[in-house]
1. Considering segment A:37-70 alone, what residues qualify as being of a type in the set (Ser, Thr, Tyr), within 7 Å of chain B (Cβ to nearest Cβ) and outside any helix (DSSP H, G or I)?
2. Which number in (1) of a type in the set (Lys, Arg); (2) under 30 Å from B:Val88 (Cβ atoms); (3) at pLDDT 85 or above marks the one condition that B:Lys146 misses?
3. Condition first: within 20 Å of A:Lys56 (Cα to Cα), within 13 Å of chain A (Cβ to nearest Cβ) and at pLDDT 75 or above. Can you find one or more residues in segment B:403-418 that meet it?
4. Out of B:Tyr383, B:Tyr399, which single residue is away from every other protein chain (no Cβ under 14 Å), in a strand (DSSP E or B), modelled with pLDDT of 75 or more and closer than 30 Å to B:Val21 by Cβ?
5. With respect to B:Glu224, is the statement that it is surrounded by 13 or more Cβ atoms within 10 Å (Cβ to Cβ), in a helix (DSSP H, G or I) and modelled with pLDDT under 80 true?
6. Only one of these is more than 7 Å from every other protein chain (Cβ to nearest Cβ), aliphatic (A, V, I, L, M) and farther than 15 Å from B:Ile485 by Cβ: A:Leu9, A:Leu34, A:Leu73, A:Leu16. Name it.
7. Being under 22 Å from B:Ile485 (Cα atoms), part of a strand (DSSP E or B), at the interface with chain B (Cβ under 9 Å from one of its Cβ atoms) and of a type in the set (Val, Ile, Thr): is that true of A:Val82 here?
8. Mind listing whichever residues of segment B:439-463 are assigned to a helix (DSSP H, G or I), among the hydrophobic types (A, V, I, L, M, F, W, C) and either free of Cβ contacts under 8 Å to residues at least 12 places away in the same chain or facing chain A (nearest Cβ under 7 Å) (or both)?
Amino acid sequence: MSANSVITLDNDRNCLLLEKVEFENENYFMSVYLNEDEEPTDEYIVFKEVLEDNEKYVEEVVDARILSNLLELFTTKTKEFVENNLP
Amino acid sequence: MMDEELKKNIDEKNEEILKKVRNIKILSLGFTKDDPNREKYIEAEKNGTFDAVLDDLETLKNETTYDHVNVEELLSFINKYNELINNVQNVTLQDAYFNRRIGSVEFKASFDNVKASFSFVEGYLVTKREVADSELLLQRYDSLRKKAKHKMSLINLGRKDNGDVLSELDLDYRDAAEKELEEVEKLYKNEKIAYEERVKRLEILKESLSNLDVNELCNEMFGELNKLSASYRTLEMASPELRDELGAAIDATRDALVGFRTNIIMPSKKVEDLAKSIGLKKVSVSKKELEQTIEAKQKELEELKNELHKLEEQKLESKIEEPIQPTEPTSEPENKEIKNLYDLANEVQRLNPDIKMSFENGTLTVENVDDLSTLKLPAGFNYNENLGINNKVDDLTPYMSLPTSKKVRALDTEPTPVKEESNTEELDEPKKEGKRYKVKKTRKAILAPYVYSTLAYGCLGAICAMGASVGMAPVLPVALVGAGIGAIGQKIYNSMAASGLVDKEHAKERETDETFQEKTWTMASLSGIASAVKKKSKELFDILRGNRKKEEPKKEEVPVLEPHKEEPALEENFDKRLDENLEEEKVNTAEDEVVKQQVASVVDETLSNSQSQVSEENNKNQEFEDYADQLRAWLEMNQEETKGGR
């Protein structure tokens, strides 16, 4: 999975993957749920990518230690993007 | 008995049972081994195709009306056939003109052949019916004869009681009884002679019929019917309608023959050919005798099963009697009797009490186990990916197979112990896991820079809030990250304000009116903005930027931040949750206080900046308003187009 993509979960909800970072050999995504009209909601979430039995899964990250580390990584990445891409 | 010997006996018994089951199946399909074709039987058995062909035979038999060309079916067809043939005859008979024509002779000859085709079979069937009727009649006469004899014996008994003296009435009664017995005896005798003659005739016919190739006969009949079908068109008849009627009668007869061959003969031939290919032939005994044979075989099978059961019990007992290691007394009792999948699932759970399992819809789901082959299983059972937990020995022996799967993740968020991999203090705490979802579909999304930036900014705030709720604060360099997020927000706002995308007109309402509804930055509108920026407004932005640089060279030094609509809520939430969290965990150390103050100061600073800078921005950027208004108007138009497009 990569950033800038929309995934459909098994609960039929769509989720927009905004940014991807690697932490402790795992891939994490900063993402936002989309509503029925495919518009972003105010429900944000951090997912871990899981590959099991050739099936793709995402797992909600709720662990404080991981979240704190991810926050730093995501902030850095977003800052870079904003600085490089916004006028 | 030694274990090995016992095992050998059990194997032999299993083999014997399998053979018996197969024999019963062969017989119930109406076949038996054909000794001259014994080689085919052995070959099929060696190739392992025998049981597959036997299954095919069973399916074919169930799917068709096959029953060795059922006599009743045959008789039913003959009746229908005769009726149809008579129809043809009736049509021709009623046409006097036709009967006088010379061309009709050939037609009549073919017709006679067609009519006579089944007379042979018909004769057999009629005789068979006569035999059955005669048998019933004979039984009836026999019953009457027995009654008359009984009556006579009663009269004779009465004579003995009265000292050989009978009254006149008794004498009349005795005479009538004697006469009745005599008549019944005569009837019985005559019928018996007739019955025996019929049975003899039937035997002869049956023997002849056994050599009859019904398929060949049908082919001959088709030939004759085709001749009729071809010739009737050229016949001279009184009216065209009558000729059409004759044609319809011939076609109906042929259709009936086609149906008979398709439904009765062909499947029968197919089944017989299939049976022949594995060295089987039709049984030659009567249905009743066949049923008796099958019954006897089934009794033998039951006995064999009982013997096997006893042997297995012996084996089990010998295992239980084995001495148990005194140092390791097992807490697991011997396997319970496993009769079905439910028993098996229960037994597996019993043997693995620490592992959470569920048995639903015939499948055992095991939670939190990486490798299912590590499960403790009942004796004789093993695990493989295809069959799940099973006791399969070989392809022939019946076995039990319990589909088993790992649960992807337990839905409850029970903490999973973290392996000792890291030296950090935090890792000593249990790692929390969130819900897991399967990804059904993935597709690319085109995200314009503004869309990405605003959403990413919102997400970072949300992570702060999430972190606060799960106790992230003590391990988070909050001030550092908070400052980073603040800088991102500033940059986004600066950029949007510079591009004229910020709604400054409602700045006051936003601050003072709680019911004020912010314009929603939907995906569509943001995409519209972004694509507009990307495709058509690059030059405008360049001009704006250029002007701004000229007019305001120290732009970066003046922080301009108007919070995104989610920003106050997130920060408020973050602050609130942080407070709650800190209070809950009673983390009142000086360090935490410092961290808290740092966060609060960042938040306060950001908020105050956002309030003051709105008015500042209004004053300072007045010169850009013209450009901004132009751009806003153009973007609104573009937005409308985008919405319309969607």
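1. Keep residues of segment A:37-70 that are of a type in the set (Ser, Thr, Tyr), which gives A:41, A:44, A:57, A:68.
Then drop every residue that is not within 7 Å of chain B (Cβ to nearest Cβ), which leaves A:44, A:57, A:68.
Answer for segment A:37-70, where residues must be of a type in the set (Ser, Thr, Tyr), within 7 Å of chain B (Cβ to nearest Cβ) and outside any helix (DSSP H, G or I): A:Tyr44, A:Tyr57.
2. The failed condition is (2).
3. yes
4. Working: B:Tyr399 fails: in a strand (DSSP E or B).
Of the residues listed, the single one that is away from every other protein chain (no Cβ under 14 Å), in a strand (DSSP E or B), modelled with pLDDT of 75 or more and closer than 30 Å to B:Val21 by Cβ is B:Tyr383.
5. Details: surrounded by 13 or more Cβ atoms within 10 Å (Cβ to Cβ): yes; in a helix (DSSP H, G or I): yes; modelled with pLDDT under 80: yes.
Yes.
6. Working: A:Leu9 fails: more than 7 Å from every other protein chain (Cβ to nearest Cβ); A:Leu73 fails: farther than 15 Å from B:Ile485 by Cβ; A:Leu16 fails: more than 7 Å from every other protein chain (Cβ to nearest Cβ).
Of the residues listed, the single one that is more than 7 Å from every other protein chain (Cβ to nearest Cβ), aliphatic (A, V, I, L, M) and farther than 15 Å from B:Ile485 by Cβ is A:Leu34.
7. Details: under 22 Å from B:Ile485 (Cα atoms): yes; part of a strand (DSSP E or B): no; at the interface with chain B (Cβ under 9 Å from one of its Cβ atoms): yes; of a type in the set (Val, Ile, Thr): yes.
When the stated conditions are applied, A:Val82 does not pass them.
8. Here is the first cut: in segment B:439-463, the residues assigned to a helix (DSSP H, G or I) are B:449-463.
Subset that is among the hydrophobic types (A, V, I, L, M, F, W, C): B:451, B:455-456, B:459-460, B:462-463.
If the condition is that a residue be assigned to a helix (DSSP H, G or I), among the hydrophobic types (A, V, I, L, M, F, W, C) and either free of Cβ contacts under 8 Å to residues at least 12 places away in the same chain or facing chain A (nearest Cβ under 7 Å) (or both), then B:Leu455, B:Ala456, B:Cys459, B:Leu460, B:Ala462, B:Ile463 are the ones that fit.
The values are calculated or read from the model by the stated rules, or taken from the named source; none is laboratory data. Quantities reported herein were computed from a predicted structural model and do not represent experimental measurements. Cβ atoms come from the backbone with ideal geometry, glycine included; neighbour counts cover every protein chain shown.
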